[in-house]
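The values are calculated or read from the model by the stated rules, or taken from the named source; none is laboratory data. Just so you know, these numbers come straight off a predicted model, no measurement behind them. Quick reminder, even Gly has a Cβ in these numbers, built from the backbone with ideal geometry, and neighbours come from all protein chains shown. SASA here: full protein model, heavy atoms, side chains in, ligands and nucleic acids out. Shrake-Rupley method; radii C 1.70, N 1.55, O 1.52, S 1.80 Å.
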Amino acid sequence: MALLSVVLKHKCSIKRSSLSLSFCLFPNISSSLFSTHCRGHPFSPPPQPATPPPVPKKVPFTVSVHGRSWQDPYHWMSNTYDPDLSEYLNKENAYSEAFMADTGNLQRTLFSEMTRRMPTKISTPPESWGPWLYYQYIPEGQEYPVLCRRLEVENLNWVKTFLRYAKGEFGIGREEILLDWNEIAEQYGYVHVGTCRISPDHLYLAYTLDTKGNEWFMLQIKDLRSGCIIPNVRVDDVVSLAWAQDGRTLFYTLSDETQRPYRVCCSKLGSDDIENITVFTESNPSFCVDIASTKDGKFITVNSNSRTSSEVYLIDAANPLDGLQNVWKRVSGVQFFLEHHHGLFYVLTNAPLSESKKWSGEGYYLASCRLQDLLSSNWQNIFLPSKDFSIQDMDMFDGHLVLSLSKKGSSMFCSIDLPIDVDCKHLLEPEDLNAWFFPMPPNSCTVVSGSNHDFQKSVYRAVLSSPVMPDVVVDYDMSSRRFSIVQQEEVIHFCDRKCPPTNQLDMNQTFDTQYEKEEDVQISEWRRWKDYSDTYCCERREVISHDGVRVPLTILYSHTTWRKDQSPGLLQGYGAYGEVLHGSWCAEHMSLLDRGWVVAFADVRGGGGDSSWHKSGSGSYKLNSVYDFVSCANYLIKEGYVHKDRLGAIGHSAGGLLVGATINMYPDLFRAAILKVPFLDICNTLMDPSLPLTILDYEEFGNPQIQSSFEHIFSYSPYDNISQGSCYPSMLVTASLHDSRVGFWEAAKWVAKVRDGTCPGCSSSVILKTNMAGGHFGEGGRYHQCEVAAYDYAFLIKAMGMLKTEKQDMQCTVVTKESKVGFTEVPGEE
């Protein structure tokens with residue numbers, strides 16, 4: 001868990017112009033308005049540069065596997081040392097720039113809208129930990145955050161703290177800057193801080209730093225008394241960190257040449273020649289090693305995990321060099337997560353139970369064991385998931401256990417008073433545990449836990465958000481069972497004369513649990529909770545997929561600018577690794593919504609929710625993800641949310657695989673698509689175990705060395721199934737040169753092959769934009785993110801044939817008495 005998991009989101013508030021002449025947004029659409037140069041589409045491609053797109057060289061290369069052979073003339077692009085590669089990528093970037101030249105004014109308008117919504121200074125509320133308050137902020141005009149701390153006044157009675165002041169270790173009352181991302185970015189040109197860990201005595205900050213974008217992190221340790229980096233402890237290829245109780249012994253994991261964390265080492269500060277001691281090595285290439293401290297700091301866990309299995313060791317944090325103790329041996333398909341509380345271990349696991357106990361076998365259950373019984377595996381099962389609840393995670397405090405739950409796809413949290421009677425002979429239910437379910441808004445709210453570092457505290461911090469509710473930081477006092485709103489993301493220049501922000505949630509819907517709402521609902525606190533549901537509509541639908549399964553679809557649009565059967569739309573999907581596609585607040589979306597767009601999120605199988613949802617969209621069931629995505633797209637069209645010829649799609653990374661496979665199967669479904677660092681050449685990538693993450697991905701997608709898995713992967717691989725001669729949608733495909741997760745050549749090969757094999761009139765509107773400096777997560781901070789979003793949205797507007805309409809919209813903007821803020825009129829591009 002990062003030092004502050006309350007992420008400084010570079011999303012800001014929404015400003016919408018008062019468009020009383022909403023009829024300007026969408027002229028009546030008929031096929032007669034479009035030329036038919038491409039028989040596959042009832043519209044012509046968007047305007048293209050006078051210069052044709054680059055044509056890369058073809059080099060004969062034969063791929064042979066399982067008795068099948070085929071040609072891959074663009075295989076040479078995966079050779080990063082090829083002298084022609086850099087020149088080709090630069091030519092593609094030049095073509096993208098030429099293609100987007102007529103959107104320059106629109107990009108500037110969009111960027112201006114997005115940055116005007118930003119507060120001048122973005123900050124997280126302080127988090128109490130020991131005698132300190134830790135917090136982050138982004139200075140005015142800066143891209144990146146600064147990590148700071150100051151002494152907490154209430155804790156100034158700490159005797160040890162005063163003694164340290166007397167020694168000059170700390171300055172009373174002043175703000176201390178611990179880490180400034182902006183300084184690092186200025187020095188190296190790129191910054192990505194992976195992990196931060198403060199030592200238990202708050203004297204040292206250990207962190208990992210990537211300055212190129214390739215996710216090869218180096219370890220640095222800063223002495224917080226002097227403010228200096230300790231020079232003789234720099235270690236390369238570090239991933240996770242954990243301090244021992246002495247505040248001088250640091251454990252860390254190292255990566256191998258495929259970026260798999262495989263080894264645990266430790267170093268002890270305080271000597272001139274710091275020795276790196278190897279503690280544990282994992283030789284199985286399918287397993288990664290992670291380390292973490294238990295919440296009370298008593299133990300360090302060494303976890304060797306595949307995507308489906310776990311093996312766990314313990315290190316006594318008070319005696320860190322006494323060796324490892326094995327707690328759980330790996331069993332295929334069984335995962336095991338451990339915490340400690342006053343001589344008791346609590347575990348979340350999916351290990352099989354005895355036949356006498358009824359359980360579906362899906363998800364995790366909670367069990368416990370006394371310290372002295374640890375090696376006997378004498379675990380007492382406490383709480384099993386039910387048809388209503390599944391357990392996602394847990395957090396430990398001195399007096400409380402917090403469980404993260406999922407109820408029918410919705411996130412919930414509850415606290416349980418500790419200690420729990422572990423000698424109870426029967427499984428417990430929530431009512432037996434007197435659980436307190438945290439009050440939350442209903443329906444589509446997403447919940448992310450705060451960092452919650454202090455074991456002694458009784459307050460749990462969480463960040464709540466939804467597509468129509470800016471992020472809210474909430475403190476839940478588990479002792480008094482009351483909550484308080486600490487901070488809500490600031491909304492700048494939100495102007496709407498008809499639909500002001502909703503200041504109070506419907507109290508009858510607030511408590512979405514199996515219990516009756518409490519009499520004391522803290523109504524005054526709820527009234528501070530703002531959302532914008534009167535301006536933007538957020539609907540959650542269940543779409544019937546090809547096999548009758550119901551797929552969650554979240555649909556977002558403006559009450560005033562959306563028009564049934566006429567609006568353009570953007571559908572996002574991911575569907576891999578069990579990751580939930582969070583529908584949280586994103587101010588950039590408002591630039592689309594205020595133009596009448598629909599933004600939708602398809603939670604297809606393969607994503608998160610519960611383990612069965614993930615399994616039913618992975619491995620040999622991967623095509624379910626594609627069919628779910630297609631069903632959601634068709635639903636948006638059939639139900640009139642979007643015009644049938646104005647639907648776009650977007651996918652990031654593995655979501656690019658989803659969108660690419662869908663386009664191959666249904667080339668006419670989307671008018672435009674954006675594929676961000678997409679995983680498109682899955683078959684070739686998975687057949688090369690020397691590439692990062694490849695072996696680890698076998699559990700997610702299958703191992704193509706096995707013929708049955710190969711046949712299935714090959715059947716949907718986007719690069720290997722391009723529909724020859726078809727009319728493809730306009731596409732913006734992005735890549736990053738230093739991306740270690742998805743090679744940049746996957747996007748380059750895809751674009752080259754699409755242009756080579758599909759309708760030439762349409763494929764000229766497929767552009768490749770390669771970041772020649774960054775990695776998988778791009779580069780730049782909050783302003784750069786706005787530039788990227790403005791570029792993406794301008795591409796979509798152009799691809800939908802709406803550049804001229806955009807000009808009309810700006811000319812029709814009316815500034816009313818109620819709203820003094822309107823879009824600045826900018827000349828449109830023809």
Among Pro729, Ser653, Leu675, flag the residue with its Cα farthest along the positive direction of the charge dipole of segment 637-746, charges on Cβ as +1 for Lys/Arg and -1 for Asp/Glu.
-> Pro729
Using the Karplus curve 6.51 cos²θ - 1.76 cosθ + 1.60 with θ = phi - 60°, work out ³J(HN,Hα) for each residue of segment 591-597 in order, rounded to whole Hz, and write x for Gly and Pro.
-> 5, 7, 4, 5, 9, x, 6
In square angstrom, rounded to the nearest 10, how much accessible surface does Glu257 have for a 1.4 Å probe?
-> 140 Å²
Ordering His614, His400 from largest to smallest accessible area (1.4 angstrom probe), what's the sequence?
-> His614, His400
Can you list the aspartates and glutamates whose alpha carbon is less than 19 Å from that of Lys268, not counting same-chain residues fewer than 8 positions off?
-> Asp201, Asp223, Asp236, Asp237, Asp246, Asp316, Asp322
Short version: ³J(HN,Hα) in whole Hz for each residue of segment 141-148, in order, from phi by Karplus 6.51 cos²θ - 1.76 cosθ + 1.60 (θ = phi - 60°), x for Gly and Pro, what are they?
-> x, 9, 8, 10, x, 10, 8, 9
Determine the dipole magnitude for segment 249-305: charges of +1 sit on the beta-carbon of Lys and Arg, -1 on that of Asp and Glu, nothing else is charged, the reference point is the Cα centre, and the result goes in debye to the nearest 20.
-> 260 debye
With r as the distance between the Cβ atoms of Lys121 and Ala94 and R0 = 41 Å, compute the FRET efficiency 1/(1 + (r/R0)^6) and round to 0.05.
-> 0.60
Shape call for segment 729-785 from the C-alpha gyration tensor, a ≥ b ≥ c root eigenvalues: rounded (a/c under 1.5), prolate (a/b greater than b/c) or oblate?
-> oblate
Give the calculated FRET efficiency between Glu542 and Asp668 to the nearest 0.05, with a Förster radius of 25 Å applied to their Cβ-Cβ distance.
-> 0.45
Run the dipole for segment 265-333 about the Cα centre, Lys and Arg Cβ at +1, Asp and Glu Cβ at -1, nothing else charged, and hand back the magnitude in debye, nearest 20.
-> 420 debye
Could you rank the peptides 364-370, 53-59, 103-109 by their average count of other C-beta atoms within 10 Å per residue, with the highest value first?
-> 364-370, 103-109, 53-59
Quickly work out the Lys564-to-Thr211 label distance, labels modelled 7 Å from Cα along the C-beta direction, and quote it in nm with one decimal.
-> 6.0 nm
Calculate one ³J(HN,Hα) per residue across segment 764-781 by plugging θ = phi - 60° into the Karplus curve 6.51 cos²θ - 1.76 cosθ + 1.60, and present them in order as whole Hz with x for glycine and proline.
-> 5, 9, 9, 10, 10, 10, 10, 6, 7, 10, x, x, 4, 9, x, 8, x, x
Evaluate the charge dipole of segment 195-350 about its Cα centre and quote only its size in Debye, nearest 20, assuming +1 on the Cβ of each Lys and Arg and -1 on the Cβ of each Asp and Glu.
-> 320 debye
Kirkwood hydrodynamic radius (C-alpha pairs) into Stokes-Einstein, segment 685-766, 37 °C and 0.692 mPa s, D in µm²/s | 232 µm²/s
Which entries in Lys91/Lys212; Lys615/Lys769; Lys91/Lys804; Lys622/Lys676; Lys58/Lys91; Lys622/Lys798 show an alpha-carbon gap greater than 25 Å?
-> Lys615/Lys769; Lys91/Lys804; Lys622/Lys798
Quote to one decimal, in nm, the extra length available between Asp246 and Phe777 on full extension: 0.36 nm per residue of separation minus the C-alpha distance between them.
-> 187.6 nm
